[in-house]
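A quick write-up on the structure given underneath.
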Amino acid sequence: MHGFETPADLAYNRAPIADPAAFARDAEAASWLYLCGEEFASMDNGMSYDSVRAAVPASANVVSDPPREMTMDLARRQIAALDELPRPTLVTCRSGPRSSALVYLYAGMRSRASADDVLARAEADGAPFTQSDELKDWVRQGLGELSG
């Protein structure tokens, strides 16, 4: 894997978050990038952006949940938000696939890793996005188009 390591200063969820304050505290998070829209708050196991803001000193909300398509424009907005947030940073979506894809895309870009190395590391880590060909393609496309 040529030295690409799992990002240490970015964390993502692997399931819905029951207690946002505890999730942030356990991760010792300084910030949180929340990828869900407000409609998620009213769903079973949902969470609001207000809960995120109450849990950490700094946060951003870039709505990226389904049915929104993961595009390079969306990736640019997510990356810009991550660039502004202090570390360590939580990145969360409803249950982990989109947030994990963004974490590996961002870390791969910053370390100038190849898509093959990033995807191999994500597979080894069991990152939720590796179960989706669409998200793997999004990471591969982002590393090709947005790096450099």
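Would you look at the GNM of the chain, springs on alpha carbons closer than 10 Å, and say which of ALA27, ALA115, ALA75 moves the most?
Among ALA27, ALA115, ALA75, the largest GNM mean-square fluctuation belongs to ALA27.
Please work out, to two decimal places, the log10 of the ratio I(q)/I(0) at q = 0.10, 0.12 Å⁻¹ from a Debye calculation in which every Cα of the chain carries one identical scatterer.
Each listed q maps to, in turn, -0.30, -0.43.
What nm value, rounded to one decimal, do you get for the distance between GLU145 and ASP116 when each label is placed 7 Å out toward the C-beta?
Result: 2.3 nm between the two label points.
Provide the gained length on full extension for the span ASP125 to MET43, in nm with one decimal, where the gain is 0.36 nm per separating residue minus the Cα-Cα distance.
Full extension from ASP125 to MET43 adds 26.6 nm.
Cβ under 12 Å from GLU38's Cβ, GLU38 left aside: what net charge do those residues give with Lys, Arg +1 and Asp, Glu -1?
On the way: positive: none; negative: GLU39, ASP50, ASP65.
Here the charged neighbours net out to -3.
What area, in nm² and to one decimal, does the C-alpha convex hull of the stretch 24-67 cast on average over all directions? Walk me through the numbers before you get to the answer.
Details: hull surface 12.8 nm².
Taking a quarter of the hull surface, the average projection is 3.2 nm².
Taking the stretch 1-59, which trypsin sites (Lys or Arg not before Pro) meet the DSSP loop condition and have no more than 16 other C-beta atoms within 10 Å? Intermediate values should be presented prior to the final figure.
Details: sites: ARG14, ARG25, ARG53; in loops: ARG14.
Of the trypsin sites (Lys or Arg not before Pro), the ones in loops of the stretch 1-59 whose Cβ has at most 16 other Cβ atoms within 10 Å are ARG14.
For GLU84 and ALA54, what is the calculated FRET efficiency with R₀ set at 25 Å and r taken between the beta-carbons, to the nearest 0.05? Mind showing how you got there, number by number?
Numbers: r = 20 Å, r/R0 = 0.78.
So, using R0 = 25 Å, E works out to roughly 0.80.
What is the gain in length, in nm to one decimal, between ARG76 and GLU28 on full extension, counting 0.36 nm per residue of separation less the C-alpha to C-alpha distance? Don't skip to the answer; put the middle values down first.
Working: separation 48, 0.36 × 48 = 17.28 nm, distance 2.61 nm.
Extending this stretch completely gives an extra 14.7 nm.
Kindly provide the GluC sites (Glu not before Pro) of the stretch 5-70 that DSSP labels as loop, not H, G, I, E or B, and whose Cβ sees at most 14 other Cβ atoms within 10 Å. Spell out each step's value before the answer.
Values: sites: GLU5, GLU28, GLU38, GLU39, GLU69; in loops: GLU5, GLU28, GLU69.
Answer in residue order: GLU5, GLU28, GLU69.
Do any trypsin sites (Lys or Arg not before Pro) in the stretch 65-126 lie in a loop, going by DSSP, with at most 15 other beta-carbon atoms within 10 Å of their beta carbon, and if so which?
For trypsin sites (Lys or Arg not before Pro) across the stretch 65-126 that sit outside H, G, I, E and B with at most 15 neighbouring Cβ atoms in 10 Å, the list reads ARG68, ARG112.
A short reminder: the numbers here are calculations on the coordinates, not readings from a lab. Treat the numbers as computed from the prediction; the structure is a model and nothing was measured. We place every Cβ from the backbone using ideal geometry, glycine too, and count neighbours over all the protein chains shown.
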